[in-house]
Amino acid sequence: MNLDKFYYDNKLPKFFAIACIFWGAVGMLLGVIAAFQLAFPVLNFSEYFPNLAFGRLRPVHTNAVIFAFVGNGIFTGIYYAIPRLLKTPMWSNKLGNIHFWGWQFIIVCAAVSLLMGFTTGKEYAELEWPIDILITLVWVVFGINMFATIITRRERHLYVAIWFFIASWVTVALLHIVNSFEIPVSFMKSYSWYAGVQDALVQWWYGHNAVAFFLTTPYLGLMYYFLPKAANRPVYSYRLSIVHFWSLIFLYIWAGPHHLLYTALPEWAQSLGTAFSIMLILPSWGGMLNGLFTLRGAWDKVREDPVLKFFVVAVTCYGMSTFEGPMLSLKNVNAISHYSDWTVAHVHIGALGWNGFLTFGMMYWLIPKLFNTKLYSTKLAATHFWIGTLGILLYAIPMYWSAFRSYFMMKAFTPEGQLQYQFIDVVQTVIPFYIMRAIGGTIFLIGVFIMIYNLVKTAKKGSFVAKEEAEAAPLTKEYRAPSNSIWHSFIERKPILLLVLSLVVVGIGGLVELVPTFLVKENIPSIASVKPYTPLELQGRDIYIREGCYNCHSQMIRPFRYEVTRYGEYSKAGEFVYDHPFQWGSKRTGPDLARIGGKYGDAWHFNHMLEPTSMAPGSIMPSYPSLYENEIDRGSTNSKIHAMRKMGVPYESGYESIANDDLDKQAKGIADRLAKDNNIKVSSNKEIIAIIAYLQRIGTDIKLESKK
Amino acid sequence: MKFSTYLEKISGVSIYPIVSLVMFIVFFVLVTYWMYSIDKTEISRIENLPLDDNNK
């Protein structure tokens, strides 16, 4: 048989690896800064750098870690593993380069635009529409390159890691497109196509599956490749990996609504989310055990090899968070965990433990290979391992603790039936935990710097192998499968069929979950008194979104006594029909704002936004002095109203041309009242006026209803 | 506390969870069947793919 000679390219894996580690360090550093900001609000430096306040920084942190660190980590592994598993170089070096530079360009655009305040206000999908389009293009380039490689392969069978890559690619594409339906208002500003309950459902269907198909399945692909490689033995059970794959992608897509338990989301959708989340334990643990059992009988190796150590903890953290996740989707557990630091702890077990440690293990294995040498210092790597583990513990434990502390404080009533603690008391109690968490994060980051040093030294020691020569026979046209291998090996030889099947499998879940909610549109009980926002309130709402207030404030009161007493009447689905995008939030670092309208006078907000501690001593909310300088962007009113009406918000036709008159009138009213009643002088065209108007409006419509 | 009664307007919405569950079970059985039907020698060839780098 003729053997083809060809070369594996190591350049792109190297580029991606460098990018992964670089952005990882940046993303984690931002996380550490954000963590310290929560403990010491002066670190927001609001007077000097309004762009770095927590509300804007946190999305940069999350996006950097997910899409820059983990994203480049995925590509590193894929560009290394796929050619070797398929015995062919990547199909196109050019597309590979476009993919690499395109992705880094997106990351830079994302960071800059988020800090500038361009955001859609939907968590983990904050990027504005031009960047969304760029992402789509680069993703397609990546897909073409990957599939063309698969099609021109020299190995008939597709190893299970490749299925994970294929399913991840197609599902991420689907999620990104469905969740990014937005109507552009201007360059870098858009409104979500969906509103209220629907927007929430689509967003969390997306958010949950971004965790599933960006942070989990591609990394499982890496696990199934690099773990056997590092241990130098095949995976424990290949059969189990098949079941792992199919049940995982089938189940994951349904579980999104577990982020919305006790909210105004329909009850059947909540139950569906819970049921499927519980079932998810099975395949997840199947996968974890498959990974760990691969090392059976090789534990002496684990003790010596830092790569395997990192893998063991990574896979264990995968098991822990995939057990915890389903638990968190039980309604009674969720009642405690939702909006609290528990969720934060949960995701960081996943991010630091699973994604972080798997990446580190992969790098410690890969970089010496790429530079044809041995790791510079095994000892330093072991140190990194222990520091990293300590960092995770110091991060997670205070967060769990803080979650329970605040839960018990929030729900405590005095014998007279009054709430025992003010919100600010809870804030004060958790600050020490925030400090500990920030220290834990810092320690983890120090470990990363140790790794960087070690890897740079390794690279310097060796010499880079740009190309590796390999040989394999081409695939022959006529292939006869062994007579007793049916079905699966058939599918597995057909990548496109595999792609289509994966899409069908995830598509079913998506459809069953989303379609009814869209049919429901007419069925959401319209509350007659719920009216569209006035132009000024709409502008204020956009400032609220821009400043990322949703990173600390929810707007969704759950039907519990301790919430209703604290915040007011629980939220109804019908109240959000004009909310493009919804702003329910996911974390209550500050109190819920769903009924803030009318709770205080305008002057209270005026003083509070300028200096939160003046109204709430001990507050950790950033101050917003820039809102008192910036002028309301009146020029955008017209197109905003227009866009809203296009999506069905009932503004009268032609209203956009006179909307600014109403805006001025309302703004002047607020400014005049502030001057008359409180002796506060402020010109009516400042942003603070708009945000006061919005805050005073939130959750008030329904009060009108009950007054009638 | 029930606050989402509006869904009752969709006829037979309760069928959704049941349909999904049945779908999953059928799917799971099929996958398990596939899994067992793969030939042993094939499995051992495939599972060794990552190990065989054959850089000549």
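Among the listed residues A:F142, A:F147, identify the single one that is assigned to a helix (DSSP H, G or I), away from chain B (no Cβ under 13 Å) and modelled with pLDDT under 95. Walk me through it before giving the result.
Numbers: A:F142 fails: modelled with pLDDT under 95.
So the residue among A:F142, A:F147 that is assigned to a helix (DSSP H, G or I), away from chain B (no Cβ under 13 Å) and modelled with pLDDT under 95 is A:F147.
So which residues in segment A:67-102 are crowded, with 23+ Cβ neighbours inside 10 Å and either closer than 30 Å to A:F582 by Cβ or not assigned by TED's automatic domain parsing to the domain that holds A:K14 (or both), if there are any at all?
Within segment A:67-102, A:A68, A:F69, A:V70, A:G71, A:I74 qualify.
Any residue that is within 31 Å of the chain's Cα centre (by Cα), modelled with pLDDT of 75 or more and buried (at least 16 other Cβ atoms within 10 Å of the Cβ) - is there at least one of those in segment A:488-495?
yes
Examine segment A:165-186 for a residue that is within 30 Å of A:F560 (Cα to Cα), among the small types (G, A, S) and surrounded by fewer than 22 Cβ atoms within 10 Å (Cβ to Cβ), and state whether such a residue exists. Write out each step before concluding.
Going through segment A:165-186, the residues within 30 Å of A:F560 (Cα to Cα) turn out to be none.
No, segment A:165-186 has no match at all.
If you go through segment A:435-442 one residue at a time, do you hit one that is polar (S, T, N, Q) and either in contact with a Leu (Cβ under 7 Å, 6 or more places away or on another chain) or in a helix (DSSP H, G or I) (or both)?
Within segment A:435-442, the subset polar (S, T, N, Q) is A:442.
From what's left, either in contact with a Leu (Cβ under 7 Å, 6 or more places away or on another chain) or in a helix (DSSP H, G or I) (or both): A:442.
Yes, because at least one residue in segment A:435-442 is polar (S, T, N, Q) and either in contact with a Leu (Cβ under 7 Å, 6 or more places away or on another chain) or in a helix (DSSP H, G or I) (or both).
Consider segment A:216-235. How many of its residues are of a type outside the set (V, I, T) and in contact with an Asp or Glu (Cβ under 9 Å, 6 or more places away or on another chain)?
Final tally of qualifying residues: 5.
Would you call A:E304 within 25 Å of A:G221 (Cβ to Cβ) and of a type in the set (D, E)?
Taking the combined requirement at face value, the residue does not satisfy it.
Checking A:L390 against (1) of a type outside the set (F, W, Y); (2) part of a helix (DSSP H, G or I); (3) more than 16 Å from A:T316 (Cα to Cα), which test does it fail?
(3)
Which one of the conditions (1) within 7 Å of chain A (Cβ to nearest Cβ); (2) in a helix (DSSP H, G or I); (3) at pLDDT 75 or above does B:Y33 fail to meet, given that it meets all the rest?
All conditions pass for B:Y33, except number (1).
Scan A:K681, A:K646 and give me the residue that is in contact with a helix residue (DSSP H, G or I) (Cβ under 8 Å, 6 or more places away or on another chain) and exposed (fewer than 15 other Cβ atoms within 10 Å of the Cβ).
Working: A:K646 fails: in contact with a helix residue (DSSP H, G or I) (Cβ under 8 Å, 6 or more places away or on another chain).
From the options A:K681, A:K646, the qualifying one is A:K681.
Any idea which of A:V564, A:V530 is part of a helix (DSSP H, G or I) and over 17 Å from A:K122 (Cα atoms)? Spell out how you get there, then give the answer.
Details: A:V530 fails: part of a helix (DSSP H, G or I).
Among A:V564, A:V530, only A:V564 is part of a helix (DSSP H, G or I) and over 17 Å from A:K122 (Cα atoms).
Of everything in segment A:410-442, what is of a type outside the set (V, I, T) and surrounded by 18 or more Cβ atoms within 10 Å (Cβ to Cβ)? Give them in sequence order.
Taking segment A:410-442 and keeping what is of a type outside the set (V, I, T), we get A:410-413, A:415-423, A:425, A:428, A:432-434, A:436-438, A:440-441.
Within segment A:410-442, A:M410, A:K411, A:Y421, A:F423, A:F433, A:Y434, A:M436, A:R437, A:A438, A:G440, A:G441 meet the criteria.
Filter segment A:297-348 down to residues that are touching a Lys or Arg at 6+ places or on another chain (Cβ under 9 Å) and charged (D, E, K, R) and give me whichever is farthest from A:L455 (Cα to Cα).
Among those residues, the one meeting the criterion is A:D341.
Of all residues in segment A:678-708, count the ones that are within 20 Å of A:Y544 (Cα to Cα) and modelled with pLDDT of 90 or more. Talk me through it step by step, then tell me what you get.
Step one: of segment A:678-708, the residues within 20 Å of A:Y544 (Cα to Cα) are A:682-701.
Remaining after also requiring modelled with pLDDT of 90 or more: A:682-700.
Final tally of qualifying residues: 19.
Looking at (1) free of Cβ contacts under 8 Å to residues at least 60 places away in the same chain; (2) under 22 Å from A:F560 (Cβ atoms); (3) over 23 Å from the mean Cα position of the chain (by Cα), find the lone condition where A:K411 falls short.
(1)
The values are calculated or read from the model by the stated rules, or taken from the named source; none is laboratory data. Quick caveat, the model's predicted, so the values are computed rather than measured. Using ideal geometry, Cβ is built from the backbone for each residue, glycine included, and neighbour counts are taken over all protein chains shown.
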